[in-house]
Amino acid sequence: MARNKDGDAQAPKEKKQGRLSQILDVYRITKRQDPLVGWYMLLAFLVTFGAIFVIGLLLNLGVVLVWIFAIFGVMTGILVATIVMSRRAEAAAYRQIEGQTGAAGAALTSIRRGWYTDREPVAADVARPGDFTSAAVVYRALGRPGVVLIGEGPTGRVQKLLVAEKKRVERVAPGVPVILMRVGAGEDEVPIRKLANKVQRLKPSITKDEMAVVNKRLKALGGMKAPLPKGIDPTRARMDRKALRGK
C-alpha cells in the first residue's frame, strides 16, 4: 500500500469518512426540523439490540455465542437507527417544501431512474402578475405507465390547465395513457409526501422503446406556452437533497 505515492491506498478510508460525514450532515439537518429524531434513533437501537441480545441469552448457547449475538445486535441496532433517521429525514424534507409553489417539481426529482422528469412546469397560469404564490402550474413525468401530469395550485385553474395539457400530449402521443393528478390535502388530491411513491406505483402500459419515442415527441412539443412573469422562479421550492441521501 505504501508503494502508491498517488494516495490510491487511502481511497477506501476516505470513502468511509465521506459516508460518515454524510450521515452526520443528514442528522444535523433533520434535527433542525425534527428535534426528537435522536430519541427515536436511540429507541430503535435499544429495542433492536435488546431483542437480539435476549434471544442470544434464551438460546443458552454459551458465553462466546452470547457475545457474538451482542455484537450482531449492536451492528443491527445501528442499521435500524440509521433507517429511522432516513425516514424521518425524508418526512422533514417534505415538510420543508409542503405548501410552497414548485413543491411538486421538487418532489419529482426524488423519483428513481426509469422516469423522465423535469422540475420545471410545462404549463402555468399566474392570476396576478408578480404573485407566483397563487399560480396554477402543471408538471410532467414520463414512465412506462405513460404520461403523468401533476397539477399544483387553485383547484379550478389547475383542472383547466391539466385538461388543456392532456390534449396537447394526446396530439403528439396518441394511444399513450395520460394520468392526471393534483397535489394537495383535499379530496382526490395527493399529499406532496406521497406523490413520488404514487407515481412510481402506477402500472406499466408501454415499453421502454415506446417511452423513448414519446419522450422525443414531448421534447419537440416544448414547455410552457406563455412565459412566467419576469423574476419569477418556478422551481424555488427546494427539497434538501442531503436529507434524502439515506433513501
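The values are calculated or read from the model by the stated rules, or taken from the named source; none is laboratory data. Predicted, not measured: the structure shown is a model, and the values here were computed from it. Counting neighbours? That spans all protein chains shown, and the Cβs are built from the backbone with ideal geometry, glycine included. Surface areas here come from the heavy atoms of the whole protein model, side chains and all, with no ligands, DNA or RNA. Shrake-Rupley method; radii C 1.70, N 1.55, O 1.52, S 1.80 Å.
Would you confirm whether any residue within the stretch 23-33 is under 25 Å from R95 (Cα atoms), under 29 Å from the mean Cα position of the chain (by Cα) and modelled with pLDDT of 90 or more?
Looking only at the stretch 23-33, we keep the residues that are under 25 Å from R95 (Cα atoms), and these are 23-33.
Still in the list and also under 29 Å from the mean Cα position of the chain (by Cα): 23-33.
With the extra rule that they be modelled with pLDDT of 90 or more, the set shrinks to none.
The answer is no; no qualifying residue exists.
From V183, V213, which residue is touching a residue at least 24 places away in the same chain (Cβ under 8 Å) and of a type outside the set (D, E, K, R)?
Values: V213 fails: touching a residue at least 24 places away in the same chain (Cβ under 8 Å).
The conditions single out V183.
Return the pair list, or none, for Cβ contacts closer than 7 Å from residues in the stretch 29-47 that are among the small types (G, A, S) to residues that are open to solvent by 30 Å² or more (accessible area, probe 1.4 Å), at least 6 apart or on different chains.
G38/K31; A44/V80; A44/V84
Kindly evaluate E90 against the criterion of being at pLDDT below 85, charged (D, E, K, R), farther than 30 Å from K166 by Cβ and surrounded by 12 or more Cβ atoms within 10 Å (Cβ to Cβ). Talk me through it step by step, then tell me what you get.
On the way: at pLDDT below 85: yes; charged (D, E, K, R): yes; farther than 30 Å from K166 by Cβ: yes; surrounded by 12 or more Cβ atoms within 10 Å (Cβ to Cβ): yes.
Yes: the conditions hold for E90.
Quick one: is R88 charged (D, E, K, R) and farther than 20 Å from R217 by Cα?
Working: charged (D, E, K, R): yes; farther than 20 Å from R217 by Cα: yes.
Yes, satisfied.
Report, by residue number, each residue of the stretch 172-198 that is assigned to a helix (DSSP H, G or I) and either modelled with pLDDT of 90 or more or surrounded by fewer than 20 Cβ atoms within 10 Å (Cβ to Cβ) (or both).
Residues of the stretch 172-198 assigned to a helix (DSSP H, G or I): 172, 192-198.
Listed by number, the residues that qualify are V172, R193, K194, N197, K198.
Looking for whichever is in a helix (DSSP H, G or I) and open to solvent by less than 90 Å² (accessible area, probe 1.4 Å) here; the options are F53, F72. Which one fits? Before the answer, list the steps.
Working: F72 fails: open to solvent by less than 90 Å² (accessible area, probe 1.4 Å).
Residue meeting the stated conditions: F53.
Any chance the stretch 82-91 includes a residue that's farther than 20 Å from L20 by Cα, touching a helix residue (DSSP H, G or I) at 6+ places or on another chain (Cβ under 8 Å) and not charged (D, E, K, R)?
Here is the first cut: in the stretch 82-91, the residues farther than 20 Å from L20 by Cα are 91.
So of that shortlist, the ones also touching a helix residue (DSSP H, G or I) at 6+ places or on another chain (Cβ under 8 Å) come out as 91.
Those left that are additionally not charged (D, E, K, R): 91.
Looking for residues that are farther than 20 Å from L20 by Cα, touching a helix residue (DSSP H, G or I) at 6+ places or on another chain (Cβ under 8 Å) and not charged (D, E, K, R), one finds at least one in the stretch 82-91, hence yes.
Against the conditions (1) outside any helix (DSSP H, G or I); (2) open to solvent by less than 70 Å² (accessible area, probe 1.4 Å), where does L61 fall short? Just the number, please.
(2)
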